[in-house]
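The values are calculated or read from the model by the stated rules, or taken from the named source; none is laboratory data. This one's a predicted model, so the numbers in the text were calculated from it and none came from an experiment. Glycine gets a Cβ as well: all are built from the backbone with ideal geometry, and neighbour counts include every protein chain shown. When the accessible area is computed, the model is the full protein with side chains, heavy atoms only, and any ligands, DNA or RNA have been set aside. Shrake-Rupley method; radii C 1.70, N 1.55, O 1.52, S 1.80 Å.
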Amino acid sequence: MTPVDPILWNDWHPVAARCMLDPARAHETMLLGVPLVVTINADGTIAVQRVDHAAPHQDERYGLVWVCLGTPTREILPIPEADEPDRPIVVVGSVGVRASGPRVIENFLDLGHLGYVHARYLGDDPHTRVLPYTVEPLPEGGIIATQCKMFQPQASPAATEGFMVDYIYKVERPLATCLYKANPVQRDRFDIIFLIVQPVTEETSIAHPLLLCLPDGTTPAALRAFQQTIFMQDKPILENQVPKRLPLADGAELPIAADKSSVAYRRWLSAIGLTWGVIRADEKARAA
Amino acid sequence: MSGLQPGVWYAIAAEHDLPKDHVYRTMLGGHELAAWRSTDGAVHVWEDRCPHRGVRFSLGEVVGDELRCQYHAWRFGKTGACTFIPAQPDLKVPRTIHAAVWPVALSAGLVWSGIEPTGAPPELPPGAVLRAIPIARAAASVAHALVKEPLSGLALVLQPLDETATIVRGIALDDDLVRADHALLALRRRLEQAA
């Protein structure tokens, strides 16, 4: 068996959303190949158990239940905006996807697919040109892409017309990413969308999107439905990528300038030595 | 790992599996393949994977004489070369961006491919190409069973999908297509039920 990646083993990952737990039924899931059982009592107390081992480190934040299977080397991903009083957190719901975690994150960063996979929502033909943007390393690790711009016909449920949307993307942990997107009403402020991926096995994941949007009259249900629609458009693409694990070797796939953030993400994963859900540069590609 | 013999032509589809605008997905010796037709009727067999981000071409769309990847709408022409990248419409596409093209031949109503196949595909008697019957057995055991108990009135070709499964295609040598089809189904039952 592949030794489990120490970076992910000692990090925190979401394993369930509180709003999806039911006292009448234990929630069975898996993290890094380890089966877990999540239960909630009638009084709302949540417990995560391992079948084969003492209970793992666990906590709850942003409406999600988080687990660290190893020894936590750092805090749960900090989201400072979660403390802003006018920014409710909307848990979109957990979506299983037969793709590796890094493939799911890379797709979230991708600008070139918006006009096709999300046509008439987040982009549209012929406005498919990816304008130059900037990618830089973050001081604490990870990457940030700024000055991203995309014409969007329906940027959010509240958008009444298409407009040029400004984006900033950040990847602060190998399997957590977020974007800052100009709010369609208050165009000088940002809505924030997080995508945190639960690595189930090397080739399967559960995506946990979170919305931290400024209230604009859209109900949480409408926000959730919009985001689920978007994710359901990505899912068949993700499940048809071959190989399932993200190849990190330069030249394994053929990026162009528009794919700058993908290149930076892959190089960062290589540099920190991530092994889970990737084909390392020094490893010969296994058959898909 | 593929179990394919270099130099050999394998039937990977029937011609009637490839109507206009369809991308046909199949496997040969563990390799995923996508087959499609350009407007001149020519058939193209490619590795079922866009070289950009690895998305299966079979998810994509035939647009005229090009195959368009479903992820970023990159277009690939008949030679396999990428012709257009919508994210960078002014880019002169580098020649290195290319689909992995497999050899192709059409004969006896079948589409043939393989690893560096030589000569022409095997000669087959004229007749109707029956529907493909997948059998959950390696090609070697299917071939072995057919040697032991040949099926009469049929010419057969085998497509090894991977190490565990094979497609059998029959060409009916008489007009009794139902009988020929039943013979193939009986073969499948016999092989799959055998321990």
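Things worth noting here:
The rows are residues; the columns are (1) under 24 Å from A:R120 (Cβ atoms); (2) within 14 Å of chain B (Cβ to nearest Cβ).
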residue: A:F151; (1), (2): yes, yes
residue: A:A159; (1), (2): yes, no
residue: A:P174; (1), (2): no, no
residue: A:T201; (1), (2): no, no
residue: A:I206; (1), (2): no, no
residue: A:L210; (1), (2): no, no
residue: A:C213; (1), (2): yes, no
residue: A:Q228; (1), (2): yes, no
residue: A:I237; (1), (2): yes, yes
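- Filter result for A:I168 (among the β-branched types (V, I, T) and under 27 Å from A:P139 (Cβ atoms)): yes
- Those strands (runs of 3 or more DSSP E) of segment B:53-160 in which 1 or more residues are within 14 Å of another protein chain (Cβ to nearest Cβ) and within 29 Å of A:A119 (Cβ to Cβ) occupy B:61-63, B:66-68, B:82-84.
- Enumeration of residues in segment A:214-250 that are outside any helix (DSSP H, G or I), in contact with a strand residue (DSSP E or B) (Cβ under 6 Å, 6 or more places away or on another chain) and open to solvent by 20 Å² or more (accessible area, probe 1.4 Å): A:N240
- Residue under evaluation B:M1, criteria (1) modelled with pLDDT under 95; (2) of a type in the set (A, V, I, L, M, F, W, C); (3) in a strand (DSSP E or B), criterion not met: (3)
- Residues satisfying the stated conditions in segment A:157-197, i.e. of a type in the set (A, V, I, L, M), open to solvent by 40 Å² or more (accessible area, probe 1.4 Å) and assigned to a loop (DSSP other than H, G, I, E, B): A:V185
- In segment A:263-279, the condition of being within 24 Å of A:P132 (Cα to Cα), surrounded by fewer than 16 Cβ atoms within 10 Å (Cβ to Cβ) and either of a type in the set (V, I, T) or within 13 Å of chain B (Cβ to nearest Cβ) (or both) is met by no residue.
- Screening segment B:33-52 for residues that are facing another protein chain (nearest Cβ under 7 Å) and either open to solvent by 10 Å² or more (accessible area, probe 1.4 Å) or not in a loop (DSSP other than H, G, I, E, B) (or both) and picking the one that is farthest from B:Q159 (Cα to Cα) gives B:P51.
- Positions within segment A:93-117 being at the interface with chain B (Cβ under 9 Å from one of its Cβ atoms) and within 23 Å of B:E61 (Cα to Cα), in sequence order: A:R103, A:N107, A:D110, A:L111, A:G112, A:H113, A:G115, A:Y116, A:V117
- Selection of segment B:74-111 for residues being more than 20 Å from B:H31 (Cβ to Cβ) and touching a Ser or Thr at 6+ places or on another chain (Cβ under 7 Å) yields B:R75, B:G77, B:K78, B:P86, B:A87, B:V93.
- Note on segment B:12-21: among residues that are under 12 Å from the mean Cα position of the chain (by Cα) and not in a strand (DSSP E or B), the one that is nearest to B:I97 (Cα to Cα) is B:L18.
- Any hit, segment B:22-31, residues being free of Cβ contacts under 8 Å to residues at least 60 places away in the same chain, assigned to a loop (DSSP other than H, G, I, E, B) and open to solvent by less than 10 Å² (accessible area, probe 1.4 Å): no
- Residue among A:R74, A:R129, A:R103 that is of a type outside the set (A, V, I, L, M, F, W, C), under 24 Å from B:V55 (Cα atoms) and assigned to a loop (DSSP other than H, G, I, E, B): A:R129
- Some residue of segment A:45-61 being surrounded by 19 or more Cβ atoms within 10 Å (Cβ to Cβ) and touching a helix residue (DSSP H, G or I) at 6+ places or on another chain (Cβ under 7 Å): no
- Enumeration of residues in segment A:188-220 that are touching a residue at least 12 places away in the same chain (Cβ under 8 Å) and charged (D, E, K, R): A:R189, A:D191, A:E202, A:E203, A:D216
- Residue check, A:L111 buried (at least 18 other Cβ atoms within 10 Å of the Cβ) and either modelled with pLDDT under 90 or farther than 19 Å from A:P236 by Cβ (or both): yes
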